Structures are given as C-alpha cells and as structure tokens.
Amino acid sequence: MARNIQSLERAAAMLRLLAGGERRLGLSDIASALGLAKGTAHGILRTLQQEGFVEQDEASGRYQLGAELLRLGTTYLDVHELRARALVWTDDLARSSGESVYLGVLHQQGVLIVHHVFRPDDSRQVLEIGAMQPLHSTALGKVLSAYDPVAHSEAVEADRKAFTDRTVCDLVPFEQILDVTRARGYAADVEETWEGVASVAAPIHDRRRMPVGAVGITGAVERLCRDGELRPELIAAVRDCARAVSRDLGAGRF
C-alpha cells in the first residue's frame, strides 16, 4: 500500500482546522491543536500562505483561510451548478439542432468538457466529458478567450498549435477573431481544429454577469454550414441556449 505524504496530511489538517471554529488562529493555537512543533507548523503555514490558501492578519499575526482556497471551492460549486442548470437546455439544443452539444469551462490552459449531449441519432458516439479542447482553435475556447480575462491571458501566452491549414495561430489575427466574437456574441470553428468538423458556441454568464462557461454544438461541416457559412438558425439556437442557462444562473437578460 502506498504511504501517504505526511506534509500534505498536515497541511490538509491545518486547512480543516482553520475552516472550523474560530475565524482566525494563532501559530501556537494551530501547533497545539495538531500536535506539531511551532517550527513545523510555521513552515507549513508559510507555504500555504505563499500559495494563497492561507492569509495572515498583519495586526494580530493570526491565520485564516485564504482567497485562493475560497476561489477553488466556489469554482467547484459553480461548475456543478452550471451543469445542473444546463441539463434541460442542452438536451433541447441537441434535439432542435440534431447535433452534439458540449458544455465547457476554463481549466489548465484549455477547455474542460463538463457536459456532453449525444447527437440524437443512432450513430456510434463516444462520451467526451472530461476531455480537453484548445482555447485558440475551438468555438468553445474562442468564446472563453473572448469573454474571460484569465482565459484570454492563457490563450495569448500559450503555444498556439496549428491543427489544420485553417487554424489561426498568429496573435494579431487571433485577437481580431476575439473582437468579432465579442461583437456578434458567438464564436465559430470551421475545420480549424478537426478536418471536416465545424462548431459554434456562445458564452454563459452567472448572476454577477461573469463568464462561467460556454455551450456549443459540433458536427460535420456539410450539416452545420450552408454555402460555406454556418447556418444562421443553428447560431440562433446556440445563443438562445446560452441565454437560457445564463438566466437560470441569475444573469438576467443578455
């Protein structure tokens, strides 16, 4: 059986201690409660503080949970709420469009697929929940890069790989695409990531009017496009779905 890493166990115990009871605890309180030497406790606290998981009050010197830990917890809750709110609407989008529907969020310099509705036909399909997509070439990724400042920074700083001859890799034209995305409220990917595949996606906002994800459809170019352009009725359906989920998250009208 693999052995647990003692320092991580101690850090986890420290975070649980700070999460319960008094809002702030001093070094002696923490060390005593966990049966640690002050030097050991201080070293763990210093590391947690550097990572943003713990904060120290300048006046009292006491410790409390940090903003980064709270942000991670909120992100976890937001993703699950996002998926729960989107279930009905994404099912409706798959039925009305006849295509696969994907719900994505920013994660580790890419788009994490957190929900996938199969195309409503008898074709063999693979569930892609948990799959990662690039930010710079997919419709979901472009939407996140256009509306989420963190995603934008990740996309700009990343090595934008060319997947096909149509992939836009250079920064200036990529930024122009994001400007167009913001102006029209959706993003497109026509054979920029996969040959013969097109997609369209729109942003989802929460009650704070902050972008929390993107929803889109993906399918064969010959089904999604007409005369070389994405079919307007599919664009409208995706945008309607995104607005409906946003409303359910408390964003109001967009």
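Could you grab me the full set of residues in the range 25-42 that are touching a Leu at 6+ places or on another chain (Cβ under 8 Å) and open to solvent by 30 Å² or more (accessible area, probe 1.4 Å)?
L27, A33, L34, K38, H42
Quick grid of which residues meet (1) under 18 Å from the mean Cα position of the chain (by Cα); (2) more than 21 Å from L106 (Cβ to Cβ):
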| site | (1), (2) |
| --- | --- |
| A151 | yes, no |
| D159 | no, no |
| T193 | no, no |
| I204 | yes, no |
| G213 | yes, no |
| L224 | no, yes |
| G228 | no, yes |
Exactly one of these conditions fails for S32: (1) out of contact with any helix residue (DSSP H, G or I) (no Cβ under 8 Å at 6 or more places or on another chain); (2) modelled with pLDDT of 90 or more; (3) assigned to a loop (DSSP other than H, G, I, E, B). Give me its number. (3)
Condition first: farther than 14 Å from Q6 by Cβ and either among the hydrophobic types (A, V, I, L, M, F, W, C) or touching a residue at least 12 places away in the same chain (Cβ under 8 Å) (or both). Now tell me which residues in the range 35-46 satisfy that. H42, L45
Residue pairs within 9 Å by beta carbon, gap of at least six or interchain, first lying in the range 186-211 and touching a residue at least 40 places away in the same chain (Cβ under 8 Å) and within 18 Å of V114 (Cα to Cα), second open to solvent by 40 Å² or more (accessible area, probe 1.4 Å) and among the acidic types (D, E), listed first then second, are A202/D240; D206/D78; D206/E81
Across the range 108-127, which residue is modelled with the lowest pLDDT among those that are at negative phi and open to solvent by 70 Å² or more (accessible area, probe 1.4 Å)? D122
Taking R83 and the conditions (1) in contact with a strand residue (DSSP E or B) (Cβ under 9 Å, 6 or more places away or on another chain); (2) at pLDDT 90 or above; (3) under 30 Å from A202 (Cβ atoms); (4) open to solvent by 70 Å² or more (accessible area, probe 1.4 Å), which numbered condition does it fall short on, given that it satisfies the others? (2)
Does at least one position in the range 128-139 carry a residue that is small (G, A, S), within 15 Å of A188 (Cα to Cα) and either touching an Asp or Glu at 6+ places or on another chain (Cβ under 8 Å) or at pLDDT below 95 (or both)? yes
Between a residue in the range 87-102 that is within 9 Å of V117 (Cβ to Cβ) and any residue that is among the hydroxyl-bearing types (S, T, Y) and in a helix (DSSP H, G or I), which pairs come within a Cβ distance under 7 Å, given they are 6 or more apart or on different chains? V101/T90
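The values are calculated or read from the model by the stated rules, or taken from the named source; none is laboratory data. Source: prediction; values computed, not measured. No Cβ is skipped: glycine too gets one built from the backbone with ideal geometry, and neighbour counts run over all protein chains shown. The accessibility values were calculated without ligands, DNA or RNA, using every heavy atom of the protein model including side chains. Shrake-Rupley method; radii C 1.70, N 1.55, O 1.52, S 1.80 Å.
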